[in-house]
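The numbers here are math on the coordinates, done by the rules we state, and not lab data. Small disclaimer: the values here were computed from a predicted structure and weren't measured. Here the Cβ is made from the backbone with ideal geometry for all residues, glycine too, and neighbour counts use every protein chain on show.
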Amino acid sequence: MTGQNASSAAASLAAVNLVASLTQYGYFLRAWAREALHVFALGFFFRMHTEALSSWIVVIDHLMARDNNALPDFLKTAAKTLSTSQTSGSLLQSAAARARDLDVARARVVKRLAFILYAGKTNQYMHVLPQVQVIFSCIHSLFFTNRFLLFLLFFWCSFTNVKAASPSLL
């Protein structure tokens, strides 16, 4: 369903469109939630065609809005990824390689979190804003562009609600 090459792009686009249309049904969503999250976690998820990504917006929105465990599980996994990637690594691995791996892990978390926030409706994720802010504080060494992207996505929620929930963010 990811369509990494040109020959499979049409078939993967059709598959993603089908999945996006079927996710409106709860029983289908429950059956395919694990597989959809697996594809979402793959490293090449954002390399697919833009038409397929637009269908994935529908899939992720339905999944996060209708599955009560999907977003909390993602946030727990993101926090765990950030905390374990800071301490992992062998003695033989250089400090530069560990720092690079940590930056890659952080960038993946930011991209996926930004995609989830973008896929949702305005104010849909206000209830998890404190957890998102904790993740944001854990990734303080990201490049300016990634920080700016995440900061702008916070404004996907209405400014009044963000200000009330987290004045330190502003």
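With an a/c value of 1.5 or above and a/b larger than b/c for the gyration tensor axes a ≥ b ≥ c computed over the alpha-carbon atoms, region 10-128 is described as prolate.
Placing a pseudo-label 7 Å from each Cα along the Cα-to-Cβ vector at Thr50 and Lys121 gives an inter-label distance of 2.7 nm. Taking label positions 7 Å along the Cα-Cβ direction at both Ala107 and Asn17, the computed distance is 3.2 nm, reported to one decimal. For region 15-24, 3J(HN,Hα) computed residue by residue from phi via the Karplus equation (6.51, -1.76, 1.60; θ = phi - 60°) reads 5, 5, 4, 5, 4, 4, 6, 7, 6, 6 Hz, glycine and proline entered as x. For Asn123, the residues whose amide H sits under 5 Å from its own are Cys157, Ser158, ignoring neighbours fewer than 5 places away on the same chain, with H placed 1.01 Å from N.
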